[in-house]
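K.L.:
What follows is a structure written as structure tokens; I'll ask about it next.
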Amino acid sequence: MLISAMAAVTTSLSFGITASTSYEHPYAVARKFSTLDHLTRGRVGWNVVTSFLESAAKAYGYQETIPHDERYIRADEYMDVFYKFLEGSWRDDACVQDVNTGKYSIPEKVRRIEHDG
């Protein structure tokens with residue numbers, strides 16, 4: 001949340017954010033980064049990590065950490081889904097933001113990502 005405030009008062013500062021692929025859903029992370037990308041005008045980057053600490057697992061309701069190899073298999077698929085949300089779910093001309101009609105987007109130009117995994 002601080003990134004949006006800092007971006008509003010700076011013009012040449014970029015922001016790198018660490019976020020884990022192990023426990024948060026890719027949809028939620030894609031929304032956060034998409035919003036920050038717009039608010040910062042492209043000045044945001046992602047340090048992609050897989051969480052290995054037991055405390056992180058427990059914070060998300062797991063009894064133990066996901067094993068190393070499984071975390072990286074999940075991270076690979078996570079990134080596929082993340083990019084589908086970010087790059088494939090909205091056509092470039094889907095957002096119209098028409099104040100006169102109150103229409104934000106054209107529903108036909110928002111696509112399902114059709115991921116099986």
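The values are calculated or read from the model by the stated rules, or taken from the named source; none is laboratory data. Note that the structure is a prediction, hence the values are computed from the model and not measured. Note: ideal-geometry Cβ built from the backbone for every residue, glycine included; neighbour counts use all protein chains shown.
K.L.:
Does THR50 meet the test of being hydroxyl-bearing (Ser, Thr, Tyr) and in contact (Cβ under 8 Å) with a residue 24 or more places away in the chain?
P.N.:
Yes, satisfied.
K.L.:
Is it fair to say TYR62 is closer than 18 Å to VAL81 by Cα, hydroxyl-bearing (Ser, Thr, Tyr) and modelled with pLDDT under 95?
P.N.:
Here the answer is no, as TYR62 does not meet what is asked.
K.L.:
Which residue out of ARG74, ARG91 is without any contact (Cβ under 8 Å) to a residue 24 or more places away in the chain, over 26 Å from LEU2 (Cβ atoms) and either touching a Pro at 6+ places or on another chain (Cβ under 7 Å) or basic (Lys, Arg) (or both)?
P.N.:
Residue meeting the stated conditions: ARG91.
K.L.:
Having 1 or more residues that are among the basic types (Lys, Arg) and surrounded by fewer than 13 Cβ atoms within 10 Å (Cβ to Cβ) is the bar; report the strands (runs of 3 or more DSSP E) wholly within the range 1-114 that clear it.
P.N.:
So the answer is 103-105.
K.L.:
Restricting to the range 7-39, name every residue that is closer than 24 Å to ARG71 by Cβ and charged (D, E, K, R).
P.N.:
Within the range 7-39, GLU24, ARG31, LYS32 meet the criteria.
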